[in-house]
Amino acid sequence: MTGLSPTALVPILVLLLLLGIDTWIYADARERLKRGDPVAFSFGSLRVETPQSWFLGSLILWVVFFPLYLTATGRNPFR
């Protein structure tokens, strides 16, 4: 038996997918900032407005920041 088993490959593929989405969030937020249309969100004292903060937020807590980013940019398909 050579290579990785399918059960070991699934978590790696999921991590790569999440990293790809996080990279897309950063690139999209950076482009919007360059155009003068920054993506910003605030809740109490928490303020997310830079591409770096969107990337780090989605990297650490993807399940919250990805839908939040889609909503902040008007792309939420569930609205």
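The values are calculated or read from the model by the stated rules, or taken from the named source; none is laboratory data. Everything quoted here is computed from the prediction, not taken from an experiment. The area values use the complete protein model at the heavy-atom level, side chains included, leaving out ligands, DNA and RNA. Shrake-Rupley method; radii C 1.70, N 1.55, O 1.52, S 1.80 Å.
Extension gain for ALA27 to LEU15 (0.36 nm times residue separation, less C-alpha to C-alpha distance): 2.5 nm.
Normalised per residue, the accessible area of the chain is 72 Å², obtained with a 1.4 Å probe and no contribution from ligands, DNA or RNA. Dividing the mean sequence gap of close Cα pairs (under 8 Å, 6+ apart) by how many residues the range 32-79 holds gives a relative contact order of 27 percent. Computed in the context of the full set of protein chains, the accessible area of the chain at 1.4 Å probe radius has 69% of its extent on carbon or sulfur. Within the full protein context, the accessible area of TRP24 is estimated at about 100 Å² for a probe radius of 1.4 Å. Taking a probe of 1.4 angstrom, what is the accessible area of THR50 in Å², to the nearest 10? That residue has around 60 Å² of solvent-accessible surface.
Taken over the range 1-54, the ratio of Cα radius of gyration to 2.2 N^0.38 Å equals 1.69.
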